[in-house]
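J.: Below is the structure I would like to discuss, written out as structure tokens.
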Amino acid sequence: MSANEASLTRLFERVTGDEDSRMCRDISDEACQEQPGNFFRHLVAALGNKLADELSNARLILPWLMGAIGAPVWMVGLLVPIREAGALLPQLLIAGYIRLRPIRKWVWVTGGIVQAIGALLLALLALFGHGSWGGALVLVALTGLSLGRGLSSVSTKDVLGKTIAKQRRGTLMGWSASVAGALTLLIGAAMVVMGDQPGTWALAILLFAAALGWGLNALCAAAIREAPGATEGGANAWDSVKQGVSLMRRDRRFLHFNLSRALLLSSALALPYLALLGQQNSGTDLASLGILIVTSGAASMIAGPIWGRLADRSSRRVMRNSAIGAAVCCLAGAACVWLPDAARESVWPYALVYGLLMIAHAGIRLGRKTYVVDLSDSNTRALYVAFSNTFTGVLMLVVGLLLGGLAQWLGSAGLLLVLAALAVAAALSSHALVEVEDPDAS
């Protein structure tokens with residue numbers, strides 16, 4: 001072992017808290033030998049991806065972009081469904097394709113490049129877009145970006161499962177979320193200082209930085225040392241649907257996980273309505289957006305490593321506890337409308353609750369990602385991830401439309417109460433899941 005490899009191994013053991021980096025579960029001996037280096041390649045790639053996600057956030061950044069270029073209000077309501085469902089729905093087709101590839105990282109690289117191009121187009125639209133045509137092109141660019149995200153989502157988890165052992169994956173994702181959160185915090189703080197108006201140049205810079213983040217993601221993915229995997233079991237999209245349905249019939253753990261994940265959508269759907277509630281009461285200037293970005297970044301920085309370590313012990317309990325936190329935050333957000341006028345018209349109460357909800361949402365995301373990777377094995381992982389994501393994408397569109405109608409009737413505060421009830425149901429369902437990290441854990 002060279003001096004560089006020895007140093008990398010010691011750093012890996014320090015970051016993960018392991019005394020022996022060569023003790024591996026669920027990966028080959030060859031992958032185990034490459035694990036320290038691959039851990040940090042995954043880490044930097046995930047950092048670029050998470051930072052880019054924050055800087056092109058459909059819950060915060062893109063609505064401000066639509067407002068800055070004068071796009072119609074109804075287009076803003078399409079941002080989150082396109083961002084989420086566009087990434088999730090095609091994944092069964094992607095999973096069948098990935099299964100035919102002995103080396104899967106190049107699908108991940110392609111996804112990163114596609115997302116970088118989409119973010120560059122959005123940056124140009126921030127400078128030159130205007131009105132309805134500008135808003136329509138934003139939706140087109142976002143659709144392409146979301147499809148690239150779908151390519152990366154399945155392939156990233158599949159490569160992660162091949163190259164990083166169990167009980168280290170959550171730690172990896174937690175550290176990447178933490179560092180990305182710190183960088184996002186600094187960017188948000190700069191926006192607070194920049195002033196009261198949503199400048200298009202500032203938005204263009206953020207989106208250009210997002211493109212660089214996905215470029216970094218693609219470069220690091222290309223550098224990962226991945227051994228060829230099995231190619232049996234590749235299927236077209238319809239065959240994959242049938243296999244996924246069959247899996248849910250045979251594997252009650254997988255069915256239960258997907259039902260829990262559906263209820264856990266409450267945290268993702270609550271975030272834009274909480275931000276909207278803050279905008280309605282405190283204004284929509286760039287400083288307010290910066291404050292929300294700061295709280296989001298601080299939440300990710302704090303929550304990432306903690307949830308990651310806890311997910312490696314029990315991702316089931318992370319999902320349960322995060323859902324309880326999401327329910328409390330939804331109730332607190334709805335209660336903000338009854339604050340005294342001075343507090344209600346300030347962005348800070350909403351920013352505080354938004355940050356706490358982001359902590360809960362980070363736990364839900366880390367918990368469910370770790371759970372589905374650890375639930376599956378090398379032969380079924382891509383299909384498990386893809387079917388679960390496609391199932392969730394369909395639900396995102398359906399539930400999103402239903403909640404949009406309810407929001408028109410109940411208002412943002414009333415809808416947060418509905419989402420609080422869903423989060424409670426998610427906590428109960430997650431509590432009943434079986435353990436996949438340690439069968440003896442309680």
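Nothing in this text is a laboratory measurement; each read-out follows from the coordinates by a stated rule. Quantities reported herein were computed from a predicted structural model and do not represent experimental measurements. All Cβ positions, even for glycine, are placed from backbone atoms using ideal geometry, and neighbour counts span all protein chains on display.
J.: Could you give the length gained by full extension between Ala182 and Thr110, i.e. 0.36 nm per residue of separation minus their alpha carbon distance, to one decimal place?
T.: 23.2 nm
J.: Take the alpha carbon atoms of the stretch 234-386, find their radius of gyration, then divide it by 2.2 N^0.38 Å using N residues; give the quotient.
T.: 1.25
J.: Hey, another quick one. Taking 7 Å along the Cα-to-C-beta vector as the label spot, tell me the Arg249-Glu435 distance in nanometres, rounded to one decimal.
T.: Modelled inter-label distance: 3.2 nm.
J.: Next question. Please give me the summed charge of the neighbours of Leu265: other residues whose Cβ is under 13 Å from its Cβ, Lys and Arg +1, Asp and Glu -1.
T.: Local net charge: +2.
J.: Between Gln280 and Ile103, what's the calculated FRET efficiency when r is the beta-carbon distance and R0 is 51 Å? Round to 0.05.
T.: With R0 = 51 Å, the Cβ-Cβ based efficiency is 0.55.
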